[in-house]
Amino acid sequence: MKTLRRFFKLVSSVLIGTGITFGVYSKLLALWRFNILNSKHWKMIWQRWESGSSFSTAKEVTFLLLIVCSPFIWIVFCFISHKISWGRLICFPFVAIRNSIKAKQIESARRTAMANAAAALVKKPVPRTVKPLPDKILKLRGTVRRNLAATRVDEQYLESVDNSRADFDMWQNIEKGLERNNIFTLRTMDFAGCQFDLTAVTQEGVYLMCSGPTLDKVWETHDNAAPPVWIAADTGETVPSPIVAAQNARDALQREIIDIHPEYADLAVNACVVLSRGKIDNMSALMSYLEETDMSVLRTGTCKMRDLPDSMAIVELIKTQERADDDMINAVSRAILNLTENGDD
């Protein structure tokens, strides 16, 4: 079928090229009163050529060149007609009209969508009736962070206290931003060996966020070591791995939710560590561990590591999600409360 189509296109191209050549030559040679279909005119030219007549004037030379070049011009017209898509050329006016109508429809739809979006922005939110939470769960909200009173005075300790205050302000600002978007949050929850500065609950999952080390150091992560630690490159000082602590607490919360509320077995529990200062020296080892454990490390504050995502990325993601219903909030809060009370024992 493809070969047959090519054959017909070739034949039609030759016929069209011949027709165009014939039409052009008929008009041109008419200037010399030469009829291209009259055999007597061709005989007269041939007799003149045999008699040795010369073509001396510009008009005669031009006429001769047209006759001699006619085969090449015929080939050129055949080639051009073969390359032209005659179907598209014939349908061009109709296609142009259709595209114009389609463009007007798209523009009209775009204006309607923009108008609807603008109306949605100014639309007042519908007030939502929220069932009161149990007293035990309400007590989990707004927990005071750690006691920042100094027990000894040295430069490193004062730096740690100042950094803790800065972190406290940062988490408070994030909490206010999430609550303005009607997201349920819990502050400073200690359970399963990890202190989470902020916990957010949406209809799509739980987000546990904790701070990294308070000291501004270059750290080497050894999350697979026993015990897992981070080591300061300059002083050799070690701190427990915040990633492993957050990972263990995340898994413990997931198990607790499944144990007391099996209907939420598919609820995603996510955990991340937020570095507000310092730097990770062995990024390749860190990234490998994060991929294995489905954990995240984000940056904020004075931490300028471009290899790590900004903490606002996860905050903006949470803001786009639907507020969790009261049953889900109660289930997550009870699970955290159980872990907190078990840890206290």
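Things to note:
- Looking only at residues of region 277-299 that are touching a strand residue (DSSP E or B) at 6+ places or on another chain (Cβ under 7 Å) and over 25 Å from Asp251 (Cβ atoms), we find that the one that is surrounded by the most Cβ atoms within 10 Å (Cβ to Cβ) is Gly278.
- Phe184 being under 24 Å from Pro309 (Cβ atoms) and modelled with pLDDT under 95: yes
- Flag for Asp266 being surrounded by 14 or more Cβ atoms within 10 Å (Cβ to Cβ) and either charged (D, E, K, R) or free of Cβ contacts under 8 Å to residues at least 40 places away in the same chain (or both): no
- The number of residues in region 276-301 that are under 17 Å from Asp197 (Cβ atoms) and either outside the structural domain of Ala245 (by TED's automatic domain parsing) or of a type outside the set (A, V, I, L, M) (or both) comes to 7.
- Identity of the residue in region 183-204, under 26 Å from the mean Cα position of the chain (by Cα) and farther than 15 Å from Glu316 by Cβ, that ends up surrounded by the fewest Cβ atoms within 10 Å (Cβ to Cβ): Gln203
- Whether a residue is outside any strand (DSSP E or B) and in contact with a Phe, Trp or Tyr (Cβ under 8 Å, 6 or more places away or on another chain) was assessed, and Pro227 does not pass this test.
The values are calculated or read from the model by the stated rules, or taken from the named source; none is laboratory data. On a predicted model such as this, the values are computed, not experimentally measured, just so you know. Note that we place each Cβ from the backbone using ideal geometry, even for glycine, and neighbour counts take in every protein chain shown.
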